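The values are calculated or read from the model by the stated rules, or taken from the named source; none is laboratory data. As the structure is a prediction and not an experimental result, all values here were calculated from the model. In this analysis, Cβ positions are derived from the backbone assuming ideal geometry, glycine residues included, and neighbour counts consider all displayed protein chains.
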């Protein structure tokens with residue numbers, strides 16, 4: 001491996017880690033943009049961004065799990081006011097919200113919860129950030145979460161980068 005690819009890998013890893021916790025950093029755009037540099041750079045970038053995103057999401061999950069036991073959060077949960085009723089939304093949006101909620105309720109079951117995380121990692125529905133927080137609040141095993149996010153992110157970024165590689169080279 002040349003120094004160029006090492007730098008590409010480190011940059012992709014860092015960007016993936018940052019994009020896992022900072023929503024403005026778009027990992028998908030990064031994967032697509034670096035794919036224009038060639039197939040080797042695309043593979044290294046996709047893997048680096050996927051590993052970085054996975055590490056960032058795992059860190060978020062661990063923080064949520066540890067934070068759930070904090071005294072501050074326990075006090076906040078007991079003092080918060082009840083939710084106000086939702087305003088009227090289009091039927092498709094209500095259906096999407098019901099579908100996402102049904103999937104998120106499955107997070108306590110390792111196999112089904114892992115499939116929900118995998119689906120979220122590949123497709124983005126339900127949003128991976130929400131799934132990560134909920135998985136941290138539930139009993140989904142950390143290895144199941146980690147593998148599902150890692151595989152899902154590689155699939156997602158590779159699927160986005162592949163057409164650019166094919167068109168550019």
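Which condition number does residue 140 fail, the rest of (1) in a helix (DSSP H, G or I); (2) modelled with pLDDT of 90 or more; (3) more than 11 Å from the chain's Cα centre (by Cα) being met?
(1)
Of everything in segment 10-39, what is in contact with a helix residue (DSSP H, G or I) (Cβ under 7 Å, 6 or more places away or on another chain) and farther than 22 Å from residue 129 by Cβ? Give them in sequence order.
34, 35, 36, 39 - these are the residues of segment 10-39 that are in contact with a helix residue (DSSP H, G or I) (Cβ under 7 Å, 6 or more places away or on another chain) and farther than 22 Å from residue 129 by Cβ.
Quick one: which residue in 149, 164 is touching a helix residue (DSSP H, G or I) at 6+ places or on another chain (Cβ under 8 Å), modelled with pLDDT of 90 or more, closer than 19 Å to residue 51 by Cα and assigned to a helix (DSSP H, G or I)?
Selected residue: 149, the only one of 149, 164 that is touching a helix residue (DSSP H, G or I) at 6+ places or on another chain (Cβ under 8 Å), modelled with pLDDT of 90 or more, closer than 19 Å to residue 51 by Cα and assigned to a helix (DSSP H, G or I).
For segment 13-29: of the residues being assigned to a helix (DSSP H, G or I) and farther than 16 Å from residue 121 by Cβ, which is nearest to the chain's Cα centre (by Cα)? First the steps, then the outcome.
Just the residues of segment 13-29 that are assigned to a helix (DSSP H, G or I), to begin with: 13-21, 27-29.
Remaining after also requiring farther than 16 Å from residue 121 by Cβ: 13-15, 18, 29.
Numbers: 13: 14, 14: 15, 15: 13, 18: 12, 29: 15 Å.
Across segment 13-29, the extreme among qualifying residues is 18.
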